[in-house]
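Colleague: Handing you a structure now.
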Amino acid sequence: MDRFYSEEQRLLRDSVRRHVEETVMPAAQAVDRDDVFPRALYRGLAGLGLFGVSLAEEAGGSGLDTIAACIVMEEIARGSGALGNAYAIPVEAALLLSEHGGDFHRGFIPGILAGDVIPATAATEPDCGSDVAAMRTTADRDGDDYIINGVKAWVTFGGVADFVMVFAKTDRNAGQKGISCVLVEMDRPGVSRGKHEELLGMHGLADCQIAFDDVRVPVANRIGPENEAFKMAMANFNFSRLMMSSMALGMAQAAMEDAVAYAKSRRQFGSEIIKFQAIQFMLADMSKDVAAARLLIHHAARLHDAGYPIAKEAAHAKLFTTDMAMTHVSNALQIHGGNGYSKEYRIERIFRDIRLAQIYEGTNQIQRLIIARQLEKEFA
């Protein structure tokens, strides 16, 4: 695949891979065990300029394409799915603020890119996930301010964020057409963080609930036009789904590498188990699907950079990659046998981390709905 990368893309990949193998991989098990936000690792990624890899140069970024961001994500997630997840948040926040914010919002971008200012996004609620229109958090206008009330759940970085981009109803009766996005600094009166969520995998991401109790925020903190945040979010989901697809791809790549290495070293019945057809078939299917996923992701990324709508293509990539990763990470664990169930082997952590990929950034059931609706339009 890298034969088709530009020289710039190859150099980027090799640089990130070295950093991940030297810095991230040795620390990944401890991050998983301790479940504490790895601030030093996070700043290490920022120090390489990775948070602005696909951000325009005039906005402070490197101005590279979407494929570059996908390559970086794959390499980071190959070393740690959790750190890959962490990488996506500043990348997407900087893009959102650059594309939809004003001078006030863009003032946060340098700190984000440096790793000194930590952003978070709050959309999901305890009783509202895929059904975004059902959210209950409100932002009521009071002169030049909004007064925000509600509770947001599963806020990645919620425990360490400096500010959060809150999706809230500014028109209670308009469903998804009444949602706005407001930047809320975490030190404002009325903002409180809930308990740290203990998750199956993806440890170290400071996930928690955030409650807003009569939080007063200037209207100028709103990102984009009032009542149009749902449309804004849907457009940005296409990029974020490519990022999540690349994250799953990196974990599937790591699982395949571990499975091959283990199968070459493990002997049973007088032979390395990689000589057994049952193992060979599993490895062959891994190789085939990992390659297919990478092509799907990069195809969608090229269309995105060319300015084409990619709702269907992004859903293709997210659906296929995360489903195949779940299957093949499970098969890689199976190849490890009983050892795969032990925390001494990396595959155990990958198996727990990969499960989330089918759920967030739109569940895979939602991806199927998106694809079907796009097909209905195409063949009308």
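Colleague: May I ask you to sort Val20, Val31 by Cβ crowding, counting other Cβ atoms within 10 Å and putting the fewest first?
Modeller: Details: Val20 24, Val31 21.
So the ranking, lowest neighbour count to highest, is Val31, Val20.
Colleague: Please list, in order along region 228-241, the HN-Hα scalar couplings obtained from phi with the Karplus expression 6.51 cos²θ - 1.76 cosθ + 1.60 (θ = phi - 60°), rounded to whole Hz, x for Gly and Pro.
Modeller: 10, 6, 5, 4, 4, 5, 4, 5, 6, 4, 4, 5, 5, 5
Colleague: Using Cβ counts within 10 Å as a stand-in for footprinting exposure, how do His328, His316 rank, fewest first? Please list the in-between numbers first.
Modeller: Details: His328 26, His316 22.
The most exposed by this proxy come first: His316, His328.
Colleague: What is the helix-to-structure angle for 7-19, meaning the angle in degrees between its Cα long axis and the longest Cα principal axis of the chain, kept from 0 to 90 and rounded to the nearest 10?
Modeller: 80
Colleague: Further question: Could you give me the ³J(HN,Hα) list for region 26-43, computed from phi with Karplus coefficients 6.51, -1.76, 1.60 and θ = phi - 60°, whole Hz, x at Gly and Pro?
Modeller: x, 9, 4, 5, 5, 4, 5, 5, 7, 6, 10, 3, x, 4, 5, 5, 4, 5
Colleague: Follow-up. In the chain, with Lys and Arg counted as +1 and Asp and Glu as -1 at Cβ, which of these residues, Ile210, Gln374, Ser98, has the Cα nearest the positive end of the dipole, that is, farthest along it?
Modeller: Sorting the options by dipole projection puts first Gln374.
Colleague: In addition: Hey, for a label at Ile147 modelled as a point 7 Å past Cα toward Cβ, could you say which residues of region 213-251 have their backbone N under 15 Å away?
Modeller: Hits in region 213-251 for Ile147 at 15 Å: 213-219.
Colleague: Would you compute, from DSSP H runs of 4+ residues alone, the mean residue ellipticity of the chain at 222 nm, taking -39500 (n - 2.57) per run and dividing by the full residue count, rounded to the nearest 500?
Modeller: On the way: 12 runs with 192 residues, N = 380.
Roughly -17000 deg cm²/dmol at 222 nm, from the helical runs in the chain.
Colleague: Mind computing the radius of gyration and Dmax over the alpha-carbon atoms of the chain? Å is fine for both.
Modeller: 21.0, 79
Colleague: For helix 364-378, what angle does its Cα long axis make with the longest principal axis of the chain, in degrees from 0 to 90 and rounded to 10?
Modeller: 80
Colleague: Classify region 105-151 as rounded, prolate or oblate, taking a ≥ b ≥ c as the square roots of the eigenvalues of its Cα gyration tensor: rounded when a/c is under 1.5, otherwise prolate if a/b is larger than b/c and oblate if not.
Modeller: Working: a/c = 3.33, a/b = 1.45, b/c = 2.30.
Here region 105-151 falls in the oblate category.
Colleague: Can you list residues whose amide H is under 5 Å from Arg222's amide H, if they're 5+ apart or on another chain and H is modeled 1.01 Å from N?
Modeller: Leu183
Colleague: Also, I was wondering about something else. What order do you get for Val182, Val215 when you list them from fewest to most C-beta neighbours inside 10 Å? Show your work: numbers first, answer last.
Modeller: Working: Val182 27, Val215 22.
By the 10 Å Cβ count, ascending: Val215, Val182.
Colleague: Taking 26 Å as the cut-off for C-alpha to C-alpha distance, list the pairs among Lys195/Lys318; Lys288/Lys343; Lys152/Lys377; Lys231/Lys312; Lys264/Lys288; Lys152/Lys318 that go past it. Walk me through the numbers before you get to the answer.
Modeller: On the way: Lys195/Lys318 30 Å; Lys288/Lys343 28 Å; Lys152/Lys377 34 Å; Lys231/Lys312 16 Å; Lys264/Lys288 19 Å; Lys152/Lys318 24 Å.
From Lys195/Lys318; Lys288/Lys343; Lys152/Lys377; Lys231/Lys312; Lys264/Lys288; Lys152/Lys318, over 26 Å: Lys195/Lys318; Lys288/Lys343; Lys152/Lys377.
Colleague: Quick check: from the Cα gyration tensor, does region 2-114 come out rounded (a/c under 1.5), prolate or oblate?
Modeller: Values: a/c = 2.35, a/b = 1.22, b/c = 1.92.
Oblate.
Colleague: Give me, ordered by chain and number, the residues 5 or more places off Ala122 or on other chains with an amide H under 5 Å from its own placed amide H.
Modeller: Met165, Val166, Phe167
Colleague: Continuing with this model, one more query. Straight-line reach from Lys169: which aspartates and glutamates have Cα under 12 Å away, leaving out those fewer than 8 places along the same chain?
Modeller: Asp140, Glu226, Glu228
Colleague: Could you bin all the Cα-Cα distances of region 97-216 into 5 Å bins starting at 0 and give me the percent of pairs in each, rounded to whole numbers?
Modeller: Using 5 Å bins, I get a P(r) of 2, 11, 20, 23, 21, 15, 6, 1, 0 for region 97-216.
Colleague: Once every Cα of region 230-378 carries one equal point scatterer and solvent is ignored, give the base-10 log of I(q)/I(0) from the Debye formula at q = 0.10 Å⁻¹, two decimals.
Modeller: Taken in order of the listed q values, log10 I(q)/I(0) reads -0.39.
Colleague: Whole-Hz Karplus ³J(HN,Hα) for region 356-363, in order, using 6.51 cos²θ - 1.76 cosθ + 1.60 and θ = phi - 60°, x for Gly and Pro?
Modeller: In residue order, the calculated couplings are 5, 4, 7, 9, 8, 6, x, 4 Hz.
Colleague: Rounded to the nearest Å, what's the spacing between the alpha carbon centres of region 102-135 and region 190-227? Just the number, please.
Modeller: First find each Cα centre; the distance between them is then 8 Å.
Colleague: Take Asp214 and Ser287, extend 7 Å from each Cα along the Cα→Cβ direction, and tell me the distance between the two endpoints in nm.
Modeller: 6.6
Colleague: Treating the beta-carbon of each Lys and Arg as +1 and of each Asp and Glu as -1, no other charges, what is the dipole magnitude of the chain about its Cα centre, to the nearest 20 debye? Walk me through the numbers before you get to the answer.
Modeller: Details: 40 positive and 50 negative charges, 225 e Å.
In debye, rounded to 20, the chain gives about 1080.
Throughout, read-outs are computed from the coordinates displayed, never taken from laboratory work. Since we're looking at a predicted model, the values are computed, not measured. No Cβ is skipped: glycine too gets one built from the backbone with ideal geometry, and neighbour counts run over all protein chains shown.
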